[in-house]
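What follows is calculated from the coordinates using simple rules that are stated; it is not laboratory data. These numbers were taken from a predicted model, which means no experiment stands behind them. Positions of Cβ are generated from backbone atoms using ideal geometry, with glycine treated the same way; all protein chains shown enter the neighbour counts.
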Amino acid sequence: MKVSALQKNGIGILALDGAYSFAENLGLSLSEPTNVENLNALITRFLILYTEHTTGVVLDPTYSLPFLSYKHNNSGLLLRLEQEHDQDPLSLPRFIHQWGIEEVRNNYGVAKLELLYHPAEEKAAEKKKLVAELFNFCQYEGIDFLLKLVIYHPPGIDLDTIKFQETQLEAISELQKSASILSLQYPQDPLATATITSALDIPWIVHSDGVKYEEFKEFVRVSTENGASGFMIGQTLWEEVNSLRLEDQSPDFEEIEKFLKTTGKDRIIELMRIVKESQGE
């Protein structure tokens with residue numbers, strides 16, 4: 001699958017490849033079969049309610065890919081390569097067992113990798129080599145490759161806003177030739193956002209990790225007004241459901257369903273409207 005298939009009036013990607021963190025936030029131990037069933041039901045609802053309004057959705061082979069049939073035809077498919085659980089930012093990404101580029105191709109998807117990276121880290125050269133090899137393999141197999149680039153703080157290095165922007169720009173320069181599209185943290189201000197766009201020869205989107213919805217909405221607005229193609233969002237879209245509890249503190253699935261059908265759906269529609277407006281539609 002090609003990124004161009006995702007770019008219908010801008011890009012809006014729903015990230016449903018974070019089952020561990022989603023279950024953990026809800027207090028669902030995935031060692032319990034009943035909790036897995038509840039998680040499966042929620043993933044199904046996300047696909048039914050939201051993919052009609054997005055241009056792509058990221059799934060993982062273990063928890064969300066089995067429910068691919070619930071995906072709306074409007075949404076293209078991206079598939080996670082790396083393990084979600086217990087990734088060490090100082091080490092190379094660890095890959096899902098018996099899963100890789102060929103399996104992504106067989107499912108007609110775009111390959112997606114999340115990379116925790118800093119240009120000055122000890123493993124920087126090895127990480128760059130790994131990403132280049134993955135990209136080349138994707139090219140060989142005739143599919144595209146989305147790199148979710150996360151700039152982090154190695155031990156002994158403190159990143160203020162200016163240093164973060166400089167580091168992010170350096171990392172982009174090093175890695176952009178090894179991706180079809182980049183998903184980036186918000187560069188902190190409009191000027192830095194426009195600078196990234198001018199430095200890139202490929203499309204980029206902004207992702208939502210660790211911020212509140214209202215803040216991320218502004219990130220999307222500023223980013224797309226300054227050249228980004230869109231966004232990728234996961235937990236930020238529905239973060240409030242983690243606090244919807246019954247008296248025994250178990251998840252209140254009835255209230256969660258109401259939230260997903262109202263607030264969550266309104267949010268994804270709003271974000272897509274922002275993207276389309278930034279493209280002059």
Efficiency of FRET between residue 85 and residue 164 - r from beta-carbon atoms, R0 30 angstrom, step 0.05: 0.70
So if I place +1 on the C-beta of Lys and Arg and -1 on the C-beta of Asp and Glu, and nothing else carries charge, what would the dipole magnitude of the stretch 3-278 be about its Cα centre? I want it in debye, nearest 20. 920
Residues of the stretch 38-80 with the amide nitrogen closer than 14 Å to a label point 7 Å from the Cα of residue 246, along Cα-to-Cβ, please. 38
In the chain, with Lys and Arg counted as +1 and Asp and Glu as -1 at Cβ, which of these residues, 278, 241, 140, has the Cα nearest the positive end of the dipole, that is, farthest along it? 140
Segment residue 98-residue 125, extension gain: residue separation times 0.36 nm, minus the distance between their alpha carbons: 7.2 nm
With r defined as the distance between the Cβ atoms of residue 276 and residue 201 and R0 fixed at 25 Å, what FRET efficiency is calculated, to the nearest 0.05? 0.55
Angle in degrees between helix 213-225 and the longest Cα principal axis of the chain, rounded to the nearest 10: 40
Partner lysines for residue 261 [C-alpha distance under 26 Å; skip if fewer than 8 residues away on the same chain]: 8, 71, 212, 217, 276
Grab the beta carbon distance between residue 31 and residue 106, set R0 = 25 Å, and tell me the FRET efficiency rounded to 0.05. 0.25
